[in-house]
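Below: the structure, in structure tokens.
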Amino acid sequence: MTEIQVKRIKKVYQHFKENGETQDTFASRLGLTQAHFSRVLRGLSPILPQHTLLLEHVYNINKDWLDKGKGDMFHDVTLEKPDRKLKAIAKNYSSLDENKREELLDYSKALLKDKKPVLGKVADKSKSYGKKKS
């Protein structure tokens, strides 16, 4: 991540901070811990593509502006509606531990490839979720 991209992420965060959002909340909506996001803001840790995607969809940030400085910081809201389902996914993702996040990533890859056997395993796991092991 370049220094200019770090500055842009800081600008995005600053905007939402001025509107009452805490660093912890902002980070969790991107699936990051507050500590990791703090390292991102200091240029010590990169922000991954899935995080920029969440910035785009959760916060309505223009990816071209974030990556290349082209256009406005925000998408024109009149042209696009924020995707409430993606917001819900991001919120759920942020509450998962690292192992569950990996499972979710594997599951989403399987969905893209339409691998039904993998989906069956996930369904089997979900049926047994919460049941006591004998």
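Per q in 0.19, 0.30 1/Å, what log10 I(q)/I(0) does a Debye calculation on the alpha-carbon atoms of segment 17-61 return?
Taking Cα atoms of segment 17-61 as identical point scatterers yields -0.55, -1.20.
Please give the net charge around LEU96, taking every other residue with its beta carbon less than 12 angstrom from that of LEU96, where Lys and Arg add +1 and Asp and Glu add -1.
Combined, the nearby Lys, Arg, Asp and Glu give -1.
Please express the shape of segment 1-76 as an equivalent ellipsoid: the semi-axes are the square roots of 5 times the eigenvalues of the C-alpha gyration tensor, given largest first in whole angstrom.
Numbers: eigenvalues 58, 42, 25 Å².
The answer is 17, 14, 11 Å, longest axis first.
Cβ under 15 Å from GLN14's Cβ, GLN14 left aside: what net charge do those residues give with Lys, Arg +1 and Asp, Glu -1?
Surrounding charge for GLN14 is +4.
Mind scanning LYS17/LYS100; LYS17/LYS68; LYS10/LYS70; LYS17/LYS91 and naming the pairs with a C-alpha gap bigger than 27 Å?
Beyond 27 Å between Cα atoms: LYS17/LYS100.
Read-outs: derived from the displayed coordinates by stated rules, not from any lab. The structure presented is a predicted model; accordingly, all values stated were derived computationally and were not measured. Cβ coordinates were reconstructed from backbone atoms using ideal geometry, including for glycine residues, and neighbour counts include every protein chain displayed.
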